[in-house]
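Below you'll find the structure, written out as structure tokens, and then a few comments.
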Amino acid sequence: MHHANPALTLPDFSATAPDTLQTAVETELVKLHALLDTFATETPTIADDALADIVRLETMENALEHQWGLLSHLNAVMSNDDIRDAHHAVLPQLSEYGTRLGQHQQLFARFNLVKHDATAFNSLSQARQRSIELAIRSFELSGVGLDDDKKKTYADISSQLSKLSATFSDNVLDATQAYKRVLTTEEIAGITETGLAMLKANGEKYLADNPDAKPSNDEPLYVATLDIPVYIAIMTHASHRPLREEIYKAYSTRASEVTPDYDNADNMAKILSLRAEKAALLGFNNFAELSIATKMADSPQEVFDFLNDLAKRAKAPAGKDLAQLQNIASDYGIDNVQPWDTSFLSEKVKQAEFNLSQETLRPYFPLPKVISGLFAIVKTLYNIDIVQVQTSLWHDDASFYEVHDAAHGELIGGFYFDLYARTGKRGGAWMNGFQSKVLSDGLNQLPVAFMVCNFTPPTQTDAGEKPALLTHNEVTTLFHEFGHGLHHILTKVGVPSVAGVNGVEWDAVELPSQFMEFWAWEPEGLELISGHVDTGEILPQALLDAMLAARHFQSGMMALRQLEFALFDLSIHAADNAPDAAGIQDILNNVRADVSLVKTPEYNRFQNGFSHIFAGGYAAGYYSYKWAELLASDAFDRFEAEGVFNTDTGNAFRTAILEAGGSQPASETFAAFRGRKPSIEPLLRHSGWDVKAA
Ligand code: ZN
């Protein structure tokens, strides 16, 4: 193996002790504050000087991001007390810097100076122009243009909102943790081994606090909680219907009047009212307009139309899905399918119809085979060579790869893989754009990404090491993150705030990732990524057929559920007057009356636990999941027409979307690839629905 090319300027992980990184972050922050101090006293009068200042700041922020990127990465993949302490120590300092930056009048004035000098502005690259426009918009949305009174109100609203969001999620967490329910032997019937192990572990914790609960017969104690894996295990497998109903009720009333200590009703109303006030201060009619101002969608109305149209089209397939559940319901003594029956019945249909378990697929997807197949796929599509090279790493599980342009041999960038689960590593899968491409001020920094998953590690056997074996779900996860990674690495943009995934609208940033997943479903793709761990045999036709048959299982019902959440989110944020708790319930009831096929019980308080929109970044943006799915589907549709391994089509996608990154609005990069606006038809087809039905 060769050593990594020095042009990548990779970190030496033997020199990344937590206190070293903390000091490095703090040192960079001191330099940045000092620069902001000089900006406050010297006011440039010509655009060139203002731009030079902007680039100086950008270069210095790049140095901060390098150190902070390392610290936050290590905190996510190698957490221990020292790293966590260092991480937590710098968080408030970063937030303080961010606030100062967003309120810095003289910095804002520099951006405006460049923007309003037509000669200077027009001579800039498209990427630089876009980055200046996005910066100005971000300043405006952080209230910098307001007069002093309103600025104070704005700051006040922001601080109240961040406290209310924190309280909202604390309440959800506390209400979730407060619930414990001891189960009888009768009630655990049907629950799988994995599920029982979780219930048993809960039982042991419960006994530590309640020793009297110990069963007299020496049997283990099983205790249900409302943690997501436990909830899913019970709703999917427990055959005791009254238990499912009880757990459903407990889960769907978390943080409501049922748990008065943690009731979120007032918090929701206050959050919506403050958001509406903030939007009004900035000149918007409602918060939905403010949220969508930075997204690919043009207006709340456009999103409403999209969601309502899709809901209408999902009705028929969802009706078929529900009928499929109703058909077998009587076998389980169920005469009327209720919300606490759908997961349970779905699982029964799945077992009967497809006889396919993710576990049977594992031997066909050894990780080394999947990776070499993935590299072969992107080589064909984008003409890039991916080569593993030696460099300093944080753990033996990690590896590093260089990405070269196969046509010119030129080094483009690189990425780290860290794919196995271990203690101290955060769950889930993600791509982190550690180093952005930077081409300015004498700097030529190549993009580098971290791609992290949590697959089951390889095992040691008598015959040697057996590689990690993936389920097909895990294969698509790897493809998904790799799609994000290519978006970050293949960028041709050298202005960091709009390079790669940076500056790409929230509702469009999942396009390249969801798009990449399609190749994990294509027979020609599967030929490249599958090979039995013992025999090398590619995935047999019968298993492939079963996988494809199960692909769209219950997709209508699942889509309706997502659309219900998205329409509810948009409706409460687009209302003329921010609704109170009763108004929120009315809006949700109306959405359900339009969209839902299974009647929701009156007591359901789903909204009180909807952290995505009340405590996360999805407010008036929950629709983004479906929006990006439409874009990805429509992009893939062109490959289906021209050949899924067509190199010209691959090159067109690389140029129009992956290389452009955030340097143009997503509507333009998309149109550059498809030659038109997005169409909904491929999404319907890829969902397995009859396109002409609606
Ligand atoms: Zn993603």
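Read-outs: derived from the displayed coordinates by stated rules, not from any lab. This structure is a prediction, so every number in the text was calculated from the model and none was measured. In this analysis, Cβ positions are derived from the backbone assuming ideal geometry, glycine residues included, and neighbour counts consider all displayed protein chains.
Dividing the Cα radius of gyration of region 111-192 by its Kirkwood radius returns 1.43 for Rg/Rh. If R0 is 30 Å, the Cβ-Cβ spacing of ARG56 and LEU173 corresponds to a FRET efficiency of close to 0.10. Normalising by the residue count of region 180-226, find the relative contact order in percent from Cα pairs under 8 Å and 6+ residues apart. Normalised by residue count, the contact order of region 180-226 is 58 percent. Descending by average beta-carbon neighbour count within 10 Å, the peptides 505-515, 216-226 line up as 505-515, 216-226, the highest first. Could you tell me which of the pairs LYS200/LYS599; LYS320/LYS599; LYS315/LYS626 are separated by over 22 angstrom between their Cα atoms in the structure shown? Going by Cα-Cα distance, LYS200/LYS599 fall outside the 22 Å limit.
Expressed as a whole number of Å, what is the distance separating the alpha-carbon centroids of region 130-199 and region 653-680? Going from one Cα centre to the other spans 32 Å. Net charge dipole, the chain: roughly 860 debye, given to the nearest 20, about the Cα centre with Cβ charges of +1 for Lys and Arg and -1 for Asp and Glu. Computed over the chain, the convex hull of the alpha-carbon atoms projects to a mean area of 33.2 nm².
Built from the Cα atoms of region 40-177, the convex hull projects on average onto 11.5 nm², one quarter of its surface area. Does region 307-428 classify as rounded, prolate or oblate by the C-alpha gyration tensor (a ≥ b ≥ c root eigenvalues; a/c under 1.5 gives rounded; else a/b over b/c gives prolate, otherwise oblate)? Here region 307-428 falls in the prolate category.
Enclosing the Cα atoms of region 619-666 in their convex hull gives a volume equal to 76 cubic angstrom per residue. A Förster radius of 22 Å, combined with the Cβ-Cβ distance separating ARG426 from LYS205, puts the computed FRET efficiency at roughly 0.50. Of the peptides 453-463, 636-646, 518-528, 267-277, the order by per-residue mean of other Cβ atoms within 10 Å, starting with the highest, comes out as 267-277, 518-528, 636-646, 453-463. Using the alpha carbons alone, the radius of gyration of region 591-694 stands to its Kirkwood radius in an Rg to Rh ratio of 1.09. Note on ILE328/GLU193: beta-carbon distance plugged into 1/(1 + (r/R0)^6) with R0 of 25 Å gives a FRET efficiency of 0.60. The GluC sites (Glu not before Pro) of region 165-201 that DSSP puts in a loop, and whose beta carbon has at most 11 other beta carbons within 10 Å, are GLU186.
Here the spin labels are modelled as points 7 Å beyond Cα on the Cα-Cβ line, and at ARG137 and LEU281 they lie 2.1 nm apart.
Under 5 Å from the amide H of SER399 lie the amide H atoms of PHE417, each residue being 5 or more positions distant or on a separate chain, with H modelled from the backbone and absent for Pro and chain starts. Taking every pair of alpha-carbon atoms in region 9-110, give the share separated by more than 24 Å as a whole percent. Across region 9-110, Cα pairs with separations above 24 Å total 31 percent.
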